[in-house]
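The values are calculated or read from the model by the stated rules, or taken from the named source; none is laboratory data. What you see is a predicted model, and the numbers here were worked out from it, not measured in a lab. Here the Cβ positions follow ideal geometry from the backbone for every residue, glycine too, while neighbour counts run over all protein chains shown. The area values use the complete protein model at the heavy-atom level, side chains included, leaving out ligands, DNA and RNA. Shrake-Rupley method; radii C 1.70, N 1.55, O 1.52, S 1.80 Å.
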Amino acid sequence: MDEATEVRQGEELDARKIGPFLRDVIPGLEGEMKIQQFPSGASNLTYLVTVGERELVLRRPPIGTKAKTAHDMGREYTVLKALGPVFPYCPRPLAYTEDPQVMGCSFYVMERIRGIVLRKDIPASLGFSPEDMTHLCQNLFKVLFELHSVDYEKIGLGDLGKPRGYVERQVTGWSGRYRAARTPDVPEAEAVMGWLKEKMPSDTDDPCLIHNDFKFDNVVLDPENPLNIIGVLDWEMTTLGDPLMDLGGTLAYWVEAGDPQEMQLMRSVPTNAPGAMKRRDVVALYERLSGRTLQHYDFYLCFGYFKLAAIAQQIYYRYFHGQTRDPRFQKFGYVVGILEKAATTIMERSGL
């Protein structure tokens, strides 16, 4: 079970301002307020706000953030509100404000989904067999395909993004963000950025709603039956675009048991567990579910590694420049180097 802990120094919230706001906009809040912080996650800050017996989750941008467009609280709130009625895995959004008098930044509040969140390793207490792990992996990608199948126009999200030119904008945009956030102790990655620009496929003829950070530790499992997924979290980068880019992003986190040791060291989800699907098996499953063909699989995976490196670098930039004291981020520069090497390996072996 994902439990909240004491709020990190420098990331405290002012309950004297937040309390009156929440009681004003959310009916029925009664009792003493307690604020804790979820220690995991490396982007937006996530807090558990308990009022009496009721549990709420508050999301706000990180302190000292530079990439403002990547931390659009209003966008995340809008997605949850529109998607919830047709995609039952969304947490229910309750409140949103841009009023700087409340916190100094925009933030939103949602209901908490209580359940199991898998992180680096599967707890022995779950008693997962290899067959269970295979089944859970299949369920994970069935939920992803279910998201990709949502009629985004019908639920009012047709203006969420611009599918035309999506791949090109992603390559250009993340290349620019990497260069802007690069510190002197990480790779230049110019060869990777050049290869991605040269090899990028044309626009998909069937764009869809994509999550953009879909992975095991962003889903919630049913405590009564951990093979069932009951929640999907962290919708901050959701947009309209190519679903295969979404799949490639997921597979960038997918460290298999046979991957190099340095990849094992940066593994954050239990994709090396006995029975976990291999990346190629995931691709085959998604092709069967969607009817799409992943002719450019190498591109999507390479871009997934590079994008993850760019995100890690943006976070490391904040640590490097003293904008955050979170000790987890101290080694993110090393992680950037591992991901750049993984992307380079894909390039060198690719037949594209």
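Couple of notes before you dig in:
- For the residues 328, 288, the requirement of being modelled with pLDDT under 95, in a helix (DSSP H, G or I), open to solvent by 30 Å² or more (accessible area, probe 1.4 Å) and among the charged types (D, E, K, R) singles out 328.
- Of all residues in segment 295-315, one or more are part of a helix (DSSP H, G or I) and acidic (Asp, Glu).
- Scanning segment 100-125 for residues being among the aliphatic types (A, V, I, L, M), more than 19 Å from the chain's Cα centre (by Cα) and open to solvent by less than 60 Å² (accessible area, probe 1.4 Å) gives a total of 3.
- Annotation note: Cβ proximity below 6 Å between a residue of segment 167-183 that is without any contact (Cβ under 8 Å) to a residue 12 or more places away in the chain and a residue that is surrounded by 15 or more Cβ atoms within 10 Å (Cβ to Cβ) (sequence gap 6+ or interchain) occurs for no pair.
- Every residue from segment 246-257 that is buried (at least 19 other Cβ atoms within 10 Å of the Cβ), out of contact with any helix residue (DSSP H, G or I) (no Cβ under 6 Å at 6 or more places or on another chain) and part of a loop (DSSP other than H, G, I, E, B): 253
- Residue match in segment 258-274 (condition: without any contact (Cβ under 8 Å) to a residue 60 or more places away in the chain, of a type in the set (Gly, Ala, Ser) and under 19 Å from residue 120 (Cβ atoms)): yes
- Some residue of segment 225-245 being among the acidic types (Asp, Glu) and open to solvent by less than 10 Å² (accessible area, probe 1.4 Å): yes
- Members of segment 203-224 that are assigned to a loop (DSSP other than H, G, I, E, B) and either open to solvent by 10 Å² or more (accessible area, probe 1.4 Å) or free of Cβ contacts under 8 Å to residues at least 24 places away in the same chain (or both): 203, 204, 205, 206, 207, 212, 213, 215, 222, 223, 224
- Among the conditions (1) within 30 Å of residue 58 (Cβ to Cβ); (2) at pLDDT below 95, the only one that residue 270 does not satisfy is (2).
- Any hit, segment 11-32, residues being open to solvent by 20 Å² or more (accessible area, probe 1.4 Å), closer than 27 Å to residue 314 by Cα, at pLDDT 90 or above and within 18 Å of the chain's Cα centre (by Cα): no
- Cross-chain or 6+ apart pairs with Cβ under 7 Å, segment 323-352 first and over 18 Å from residue 265 (Cα atoms), then among the acidic types (Asp, Glu) and open to solvent by less than 90 Å² (accessible area, probe 1.4 Å): 346/298; 350/298; 352/298
- Check on residue 342, closer than 17 Å to residue 214 by Cα, among the aliphatic types (A, V, I, L, M) and buried (at least 19 other Cβ atoms within 10 Å of the Cβ): no
- Counted residues, segment 207-255 - those being within 9 Å of the chain's Cα centre (by Cα) and of a type in the set (A, V, I, L, M, F, W, C): 4
- Condition check for residue 189: surrounded by 14 or more Cβ atoms within 10 Å (Cβ to Cβ) and among the small types (Gly, Ala, Ser): yes
- So residue 128, is it surrounded by 13 or more Cβ atoms within 10 Å (Cβ to Cβ), over 26 Å from residue 241 (Cβ atoms) and not basic (Lys, Arg): yes
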